[in-house]
Amino acid sequence: MKTVRIGAAQGFYGDTIEPAVATAEKGNVQYICFDALAELTMAILVKDKRKNENAGFTKDISVQMKALLPYVKDKGIKLLTNGGGINPIGAQQEILRVAREMGIKDLKVAVVTGDNVLDRIPEFEEKGYSLNHLDTDESIDHIKEKLEFANAYIGAQPIVRALEAGADIVVTGRTTDTAQFLAPLIYEFDWGQEEWDKLASGVFMGHLLECSAQSTGGNFSGNWQDIEGFDQIGYPIAEVSRNGEFIVSKVEERGGLVTVDTVKEQMLYEIHDPSAYLTPDVIVDLTNVRLENVGPNQVKVTGTRGKPRPDTLKVVMGYENGYAGQVIVGFSWPDAMLKAKKVDEIIRIQLERKGLNYEEIRTDFMGYNSLSGPLAHENESELNEVYLRMAVKAKTKQEAGLFSRLFPPLALNGPPSMSGFSGNTAPRALLGMWATLLPREEVEKQIKVEIAEV
Amino acid sequence: MAVVKLKDIAQARSGDKGNIVNIGVFAPNQAIYEEFLAQLTPERIKAHFAGLVKGEVLRYELPNIFGLNFVCKEALAGGGSSSLRLDNLGKCFGSNMLRLEIEVADHLLVDIKK
């Protein structure tokens, strides 16, 4: 009985490629799929492109291709990535360049475009589409002028078309995180556009694979101490049957753990209503899913249900939202916390005296409450050391930059034993996110699939 | 009856979407899942995260995996890329969920090792 084996390669921009190389070598897979784009990634890529017209895709695509192209040629493994980001054509060109440099021939690289709708916002408004925020229903008017990017989340169908055209590699811009993973199944099994349960199962498989080792023991909240091989963890592999059922595993030689317990944590990751997980291809219902340990590091997944796909696509836009300035300084025992609190007080007085009116001033005590906020409450007085972290939100980069200059003098002028100062950090641009919905045909009519060859 | 911290009996993982954080919480078996259903109400979770979560908390039930999914709105001080928080992606909400205490009948705890 025919099955399709798919390996996960990337959970975010900046991930390591090593586990995917192991999967290519020993995982017996036909496809390796990447999810390079978190919500925040598009903002980073927009900034890159502003500095250099040819940039705007995830730069690690070069390293990834160098590592995996030999397997594409030797084993016929196909690579699917949304690392094109804000410049998918640039990414396609880069892949071709790497292939040429490696002397690789007869390679078809497809690119999918059309997700970028930034220039079409006025057109959408003219047509009377509401661009109000999806969660809050606020009007877009006050941020419209500050938009830096706007991309629709597109689904698997354009990638399927690229595979049908014989592509070895498909690079896209903003797709759903799971589109890369679903597309090969539609292509291989010829699933129809209304076979909802199968499509939903394919999406769910993608969901379990798209965050690297988060289903193979990474970030596991259970008995994480017992997991072996974090130093060379394996990324998930799915073996999918024609009916959509699948088994999650990993390369045996790599570390990590695949059990019902590690997989179920990923099952709900970044999901809202589990009976209606919206994607462009299908609405996924996870409430009947069955997870089953069927062997060492093997979990069988059945029971995923699907409902007809929505008539709209989600669009996420980013807008300029001021700058953050930040300082981190340490204090030692005795009274580490008291000293840190005193410096916080001093800085706030100085800010007021200097008339620096930041939109927000935030204080955290690293080692005490910086990751727990008001939920931290234990052992405040016994800390051996604590780091004061202060951050401000300013309208301009210059104002944000002024903040950190207040700190160095306090090493001599304030409470004793302020140390561990790692230098002034440059202000960081803040980005607001705006999510809305558009009629899908408005986006889909602009989607293009093009192939180039070396 | 024993009072136990979720840390000792449950799993939890959190993630972000815009200004929303979701927290999946998992019970080790049916009996303890039923205690979760009774005691981990959206109101209790909202109170637990007071100061971090400004909006409403919704709860979804997944008896098939003994899981509850809490969706917390206005939970990231504006969302990952514009928040001044260090945990700007809400990764630690799961861990902080495990601070919660619930009451469980002693016999239900006999076979649970976490």
Exercise for the section: Take region B:17-28 and flag every residue that is within 8 Å of another protein chain (Cβ to nearest Cβ) and either aliphatic (A, V, I, L, M) or within 17 Å of A:MET267 (Cβ to Cβ) (or both). Expected result: B:LYS17, B:ILE20, B:ASN22, B:GLY24, B:PHE26
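Residue by residue, here is whether (1) of a type in the set (Ser, Thr, Tyr); (2) more than 26 Å from A:GLU239 (Cβ to Cβ) holds:
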{"site": "A:SER130", "(1), (2)": "yes, yes"}
{"site": "A:THR136", "(1), (2)": "yes, yes"}
{"site": "A:LEU147", "(1), (2)": "no, yes"}
{"site": "A:ILE159", "(1), (2)": "no, no"}
{"site": "A:ALA167", "(1), (2)": "no, no"}
{"site": "A:GLY173", "(1), (2)": "no, yes"}
{"site": "A:LEU185", "(1), (2)": "no, no"}
Fill in the blank from the handout: A:LEU410: passes all of (1) more than 14 Å from chain B (Cβ to nearest Cβ); (2) open to solvent by 20 Å² or more (accessible area, probe 1.4 Å) but (2)
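Got at least one residue in region A:423-441 being more than 14 Å from chain B (Cβ to nearest Cβ), in a loop (DSSP other than H, G, I, E, B), closer than 29 Å to A:ASN321 by Cβ and without any contact (Cβ under 8 Å) to a residue 24 or more places away in the chain? Quick ask: steps written out before the conclusion?
Step one: of region A:423-441, the residues more than 14 Å from chain B (Cβ to nearest Cβ) are A:423-424, A:426, A:438-441.
Keeping just the survivors that are in a loop (DSSP other than H, G, I, E, B) gives A:423-424, A:426.
Pick out the ones that are also closer than 29 Å to A:ASN321 by Cβ and you get A:423-424, A:426.
Add one more test, that the residue is without any contact (Cβ under 8 Å) to a residue 24 or more places away in the chain, and what stays is A:423.
Yes, region A:423-441 has at least one match.
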Handout entry: Selection status of A:ALA452, of a type in the set (A, V, I, L, M) and part of a loop (DSSP other than H, G, I, E, B)
Key = no
Completion exercise
Among the residues of region A:215-232, the number that are open to solvent by 20 Å² or more (accessible area, probe 1.4 Å) and either over 22 Å from A:ASN28 (Cβ atoms) or within 19 Å of the chain's Cα centre (by Cα) (or both) is 10
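Results for (1) within 13 Å of chain B (Cβ to nearest Cβ); (2) open to solvent by less than 30 Å² (accessible area, probe 1.4 Å); (3) touching a Pro at 6+ places or on another chain (Cβ under 9 Å), shown as yes or no for each residue.
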| residue | (1), (2), (3) |
| --- | --- |
| A:PRO296 | no, no, no |
| A:VAL316 | yes, yes, no |
| A:ILE349 | no, no, no |
| A:GLN398 | no, no, yes |
Problem - Residue in region A:298-314 that is most open to solvent (accessible area, probe 1.4 Å), counting only those that are within 12 Å of chain B (Cβ to nearest Cβ), touching a residue at least 40 places away in the same chain (Cβ under 8 Å) and closer than 30 Å to A:LEU437 by Cβ - result: A:ARG305
Fill in the blank from the handout: Restricting region B:29-52 to residues that are buried (at least 16 other Cβ atoms within 10 Å of the Cβ) and within 11 Å of chain A (Cβ to nearest Cβ), the one nearest to B:ASP111 (Cα to Cα) turns out to be B:HIS48
Problem - Tabulated pairs, region A:228-255, first more than 21 Å from A:PHE34 (Cα to Cα), second open to solvent by less than 40 Å² (accessible area, probe 1.4 Å) and of a type in the set (D, E, K, R), C-beta under 7 angstrom, 6+ apart or interchain - result: A:GLY229/A:ARG254
Problem - Residue, farthest from B:ARG13 (Cα to Cα), within region A:183-242, restricted to residues that are of a type in the set (Asp, Glu) and within 14 Å of chain B (Cβ to nearest Cβ) - result: A:ASP226
Practice task
Inspect region B:53-70 for any residue being open to solvent by less than 10 Å² (accessible area, probe 1.4 Å), touching a His at 6+ places or on another chain (Cβ under 8 Å) and not aromatic (Phe, Trp, Tyr) and give the result as yes or no.
Solution key: yes
Handout entry: Residue check for A:GLU164: touching a Phe, Trp or Tyr at 6+ places or on another chain (Cβ under 7 Å), farther than 30 Å from A:GLY255 by Cα, assigned by TED's automatic domain parsing to the domain that holds A:ASP285 and surrounded by fewer than 23 Cβ atoms within 10 Å (Cβ to Cβ)
Key = yes
Practice task
Would you be able to say whether some residue in region A:252-261 is open to solvent by 40 Å² or more (accessible area, probe 1.4 Å) and at the interface with chain B (Cβ under 8 Å from one of its Cβ atoms)?
Solution key: yes
Problem - Test: A:VAL111 is within 28 Å of A:LEU209 (Cβ to Cβ), assigned to a helix (DSSP H, G or I), away from chain B (no Cβ under 14 Å) and not basic (Lys, Arg) - result: no
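If a residue has to be more than 14 Å from chain B (Cβ to nearest Cβ) and under 13 Å from A:VAL327 (Cβ atoms) to count, how many in region A:351-366 make the cut?
Here the count works out to 1.
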Exercise for the section: Go through the residues of region B:3-10 one by one and say whether even a single one is in a strand (DSSP E or B), open to solvent by 30 Å² or more (accessible area, probe 1.4 Å) and more than 9 Å from every other protein chain (Cβ to nearest Cβ). Expected result: yes
Handout entry: Scope region B:71-111; condition more than 19 Å from the chain's Cα centre (by Cα), within 25 Å of A:TRP224 (Cβ to Cβ) and more than 10 Å from every other protein chain (Cβ to nearest Cβ); matching residues
Key = B:LEU108, B:LEU109, B:VAL110, B:ASP111
Exercise for the section: Scan region A:128-141 residue by residue and report those that are in contact (Cβ under 8 Å) with a residue 40 or more places away in the chain and either charged (D, E, K, R) or assigned to a helix (DSSP H, G or I) (or both). Expected result: A:ASP135
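The values are calculated or read from the model by the stated rules, or taken from the named source; none is laboratory data. Only a predicted model underlies this, so the values are computations on that prediction, with no experimental measurement involved. We place every Cβ from the backbone using ideal geometry, glycine too, and count neighbours over all the protein chains shown. The protein model used for the area step is the full one, side chains on, heavy atoms only, and it has no ligands, DNA or RNA in it. Shrake-Rupley method; radii C 1.70, N 1.55, O 1.52, S 1.80 Å.
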